[in-house]
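If you scroll down you'll find the structure; I have some questions about it.
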């Protein structure tokens with residue numbers, strides 16, 4: 001049984017070794033958020049394209065400040081988007097706004113807070129160094145410089161940069177199509193009225209949400225009953241997509257049929273258990289040229305194993321790098337016991353701010369308790385090699401990604 005980090009590593013290496021570059025498509029800039037760039041983006045001109053003021057104040061010559069306070073003659077003003085037609089000479093200055101181009105002759109900007117305006121005379125109360133409050137032309141990027149590499153996932157800073165360089169339409173990789181299949185005779189459609197011993201198919205929708213958050217396009221196949229023929233038919237359908245994720249039917253029970261059906265279809269498995277709770281009976285393999293995951297059916301188990309194992313596979317199939325697992329550190333609010341030799345991922349909530357953040361493990365009734373998970377914003381990670389964590393201990397926290 002693998003440690004979860006080793007299982008994740010095996011997924012990443014397997015997918016990275018077999019994944020081919022996705023096809024590209026062009027989308028409007030406003031539709032690019034979350035997509036993965038399929039082209040390198042370069043600077044279309046110098047950035048900034050002129051010496052830019054970073055403050056409201058006065059464009060000055062630093063050489064005029066051998067003695068302070070100094071009094072200068074105000075020649076005029078420059079707003080953002082305008083250019084001053086003259087040159088700043090000795091003993092002169094120009095009033096300037098944030099974002100405006102610094103006029104010829106000036107080499108610094110003094111903040112307005114450090115000045116006093118008396119008619120057309122400006123009294124500067126302190127010294128000014130050359131280059132103060134000025135970003136020189138090309139300091140951010142030179143024309144032709146590479147700004148974003150292919151494979152970059154587009155977030156809001158990237159959308160701003162794409163707009164800055166005039167990319168109204170963006171070439172991105174096609175999203176990987178991820179087939180999502182739930183299993184079990186006890187599962188009915190979300191819109192159905194369940195019987196006393198039945199549950200609605202919520203897993204398909206939580207997995208679809210995680211697929212979208214990971215950069216994929218979910219293809220919902222519904223639910224397969226505990227019948228080999230029906231399960232095989234739907235698995236074959238799922239293998240037509242880029243990736244198949246099945247939930248339920250991967251444990252050791254009489255009606256846990258997923259592995260057997262996949263083996264009949266020629267699947268080879270990298271692992272069929274991971275040393276975590278919830279989520280121990282997680283399966284990863286390769287079947288008919290497609291990667292396949294079998295995740296446990298309890299909803300929290302499904303969500304945890306998707307976050308740890310499936311998310312990096314979706315990212316790689318979409319042309320992006322596998323996202324790293326980034327843990328936060330927080331102080332534990334209450335003691336937590338470790339009754340197993342598995343790594344625990346417990347629904348938890350962060351409270352406080354700054355350096356005073358604490359994490360509270362939430363009461364929950366096991367891996368079927370979605371209610372508890374909705375009250376969480378992270379998972380408290382309890383290592384497999386400790387018996388108890390004391391209140392006040394620094395612990396690892398894995399934020400939810402949605």
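Out of all the residues in segment 101-118, is one or more in contact with a strand residue (DSSP E or B) (Cβ under 6 Å, 6 or more places away or on another chain) and at positive phi? It would help to see each step written out before you state the result.
Pass one, segment 101-118, residues in contact with a strand residue (DSSP E or B) (Cβ under 6 Å, 6 or more places away or on another chain): 102-106, 108-112, 115-116.
Still in the running and at positive phi: 105.
Within segment 101-118 (the criterion being in contact with a strand residue (DSSP E or B) (Cβ under 6 Å, 6 or more places away or on another chain) and at positive phi), the answer is yes, since at least one residue qualifies.
Still on this structure, please answer the following. For residues that are in a loop (DSSP other than H, G, I, E, B) and free of Cβ contacts under 8 Å to residues at least 40 places away in the same chain, scanning just segment 365-384, find the one that is surrounded by the fewest Cβ atoms within 10 Å (Cβ to Cβ). First the steps, then the outcome.
Initially, segment 365-384 is screened for residues in a loop (DSSP other than H, G, I, E, B), giving 365-369, 375-377, 383-384.
If we keep only those that are free of Cβ contacts under 8 Å to residues at least 40 places away in the same chain too, we end up with 365, 375-377.
Working: 365: 9, 375: 13, 376: 20, 377: 15.
Across segment 365-384, the extreme among qualifying residues is 365.
Only one residue in 345, 286 is outside the structural domain of residue 38 (by TED's automatic domain parsing), touching a residue at least 24 places away in the same chain (Cβ under 8 Å), under 30 Å from residue 183 (Cα atoms) and surrounded by 22 or more Cβ atoms within 10 Å (Cβ to Cβ), so which one is that?
Working: 286 fails: surrounded by 22 or more Cβ atoms within 10 Å (Cβ to Cβ).
Of the residues listed, the single one that is outside the structural domain of residue 38 (by TED's automatic domain parsing), touching a residue at least 24 places away in the same chain (Cβ under 8 Å), under 30 Å from residue 183 (Cα atoms) and surrounded by 22 or more Cβ atoms within 10 Å (Cβ to Cβ) is 345.
A quick yes/no check of all residues on (1) assigned to a loop (DSSP other than H, G, I, E, B); (2) within 25 Å of residue 140 (Cα to Cα); (3) at pLDDT 95 or above:
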site	(1), (2), (3)
21	yes, no, no
44	yes, yes, yes
75	no, no, yes
89	yes, no, yes
106	yes, yes, yes
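Could you check segment 132-158 and list, in sequence order, the residues that are in contact with a helix residue (DSSP H, G or I) (Cβ under 9 Å, 6 or more places away or on another chain) and either closer than 29 Å to residue 58 by Cβ or surrounded by fewer than 17 Cβ atoms within 10 Å (Cβ to Cβ) (or both)? Spell out how you get there, then give the answer.
The first filter runs over segment 132-158 and keeps only residues in contact with a helix residue (DSSP H, G or I) (Cβ under 9 Å, 6 or more places away or on another chain), leaving 132, 147-148, 152-154.
Listed by number, the list holds a single entry, 132.
Of the residues that make up segment 144-152, is at least one touching a strand residue (DSSP E or B) at 6+ places or on another chain (Cβ under 6 Å) and without any contact (Cβ under 8 Å) to a residue 24 or more places away in the chain?
We begin by selecting, within segment 144-152, every residue touching a strand residue (DSSP E or B) at 6+ places or on another chain (Cβ under 6 Å); these are 144, 146-148, 150, 152.
If we keep only those that are without any contact (Cβ under 8 Å) to a residue 24 or more places away in the chain as well, we get none.
So far as segment 144-152 goes, no, none of its residues is touching a strand residue (DSSP E or B) at 6+ places or on another chain (Cβ under 6 Å) and without any contact (Cβ under 8 Å) to a residue 24 or more places away in the chain.
If you don't mind, there's one more thing I want to ask. In segment 187-197, what count of residues is obtained for those that are more than 15 Å from residue 302 (Cβ to Cβ) and surrounded by 10 or more Cβ atoms within 10 Å (Cβ to Cβ)? Show your work before the answer.
In the first step, residues of segment 187-197 are kept if they are more than 15 Å from residue 302 (Cβ to Cβ); the result is 188-197.
Adding the requirement that they be surrounded by 10 or more Cβ atoms within 10 Å (Cβ to Cβ) leaves 188-190, 192, 194.
Going through segment 187-197 one residue at a time, the tally reaches 5.
So if I check each of 90, 80, which one is in contact with a helix residue (DSSP H, G or I) (Cβ under 7 Å, 6 or more places away or on another chain) and free of Cβ contacts under 8 Å to residues at least 60 places away in the same chain? Show your work before the answer.
On the way: 80 fails: in contact with a helix residue (DSSP H, G or I) (Cβ under 7 Å, 6 or more places away or on another chain).
Checking each option against the conditions leaves just 90.
Please work out which residue is nearest to residue 209 (Cα to Cα), limiting yourself to segment 385-398 and to residues that are within 25 Å of the chain's Cα centre (by Cα) and surrounded by 15 or more Cβ atoms within 10 Å (Cβ to Cβ).
At the first step, the residues of segment 385-398 found to be within 25 Å of the chain's Cα centre (by Cα) are 394-398.
With surrounded by 15 or more Cβ atoms within 10 Å (Cβ to Cβ) added as a condition, the list becomes 395-398.
Values: 395: 28, 396: 25, 397: 22, 398: 18 Å.
Only one residue fits best here, namely 398.
List pairs: first in segment 22-34 and surrounded by fewer than 13 Cβ atoms within 10 Å (Cβ to Cβ), second in a strand (DSSP E or B) and at pLDDT 95 or above, Cβ under 8 Å, 6+ apart or cross-chain?
Pairs that qualify, where the first residue is surrounded by fewer than 13 Cβ atoms within 10 Å (Cβ to Cβ) and the partner is in a strand (DSSP E or B) and at pLDDT 95 or above, are 23/173; 26/169; 26/170; 26/171; 26/172; 28/169; 28/170.
In addition: Taking only segment 166-187 into account, find how many residues are within 10 Å of residue 28 (Cα to Cα) and either at pLDDT below 95 or assigned to a loop (DSSP other than H, G, I, E, B) (or both).
Here the count works out to 2.
Another question, if that's okay. Could you give me the residue pairs with C-beta distances under 8 Å whose first residue belongs to segment 215-233 and is at positive phi and not assigned by TED's automatic domain parsing to the domain that holds residue 153, whose second residue is part of a strand (DSSP E or B) and surrounded by fewer than 21 Cβ atoms within 10 Å (Cβ to Cβ) wherever it lies, and which are 6+ apart or on separate chains?
Listed by first residue and then by second, the contacts come to 215/153.
For residues that are touching a helix residue (DSSP H, G or I) at 6+ places or on another chain (Cβ under 7 Å) and assigned to a strand (DSSP E or B), scanning just segment 248-285, find the one that is farthest from residue 371 (Cα to Cα).
So, considering only residues that are touching a helix residue (DSSP H, G or I) at 6+ places or on another chain (Cβ under 7 Å) and assigned to a strand (DSSP E or B), the one farthest from residue 371 (Cα to Cα) is 270.
Could you tell me whether segment 315-326 includes any residue that is surrounded by fewer than 22 Cβ atoms within 10 Å (Cβ to Cβ) and under 20 Å from residue 359 (Cα atoms)?
Looking for residues that are surrounded by fewer than 22 Cβ atoms within 10 Å (Cβ to Cβ) and under 20 Å from residue 359 (Cα atoms), one finds at least one in segment 315-326, hence yes.
For residue 67, only one of the following conditions fails: (1) assigned to a loop (DSSP other than H, G, I, E, B); (2) touching a helix residue (DSSP H, G or I) at 6+ places or on another chain (Cβ under 7 Å). What is its number?
(2)
Residue-wise test of (1) over 30 Å from residue 18 (Cβ atoms); (2) at pLDDT 95 or above; (3) in a loop (DSSP other than H, G, I, E, B).
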position: 330; (1), (2), (3): yes, yes, no
position: 345; (1), (2), (3): no, yes, no
position: 386; (1), (2), (3): yes, no, yes
position: 395; (1), (2), (3): yes, yes, no
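Would you mention how many residues in segment 119-136 are at negative phi and part of a loop (DSSP other than H, G, I, E, B)? Walk me through it before giving the result.
First, the residues of segment 119-136 that are at negative phi: 120-130, 132, 134-136.
After this cut, where a residue has to be part of a loop (DSSP other than H, G, I, E, B) as well, the list is 120, 125-130, 132, 136.
Count: 9.
The values are calculated or read from the model by the stated rules, or taken from the named source; none is laboratory data. Values in this document were obtained by computation on a predicted structure and should not be read as measured data. Neighbour counts run over all protein chains shown; Cβ positions are idealised from the backbone, glycine included.
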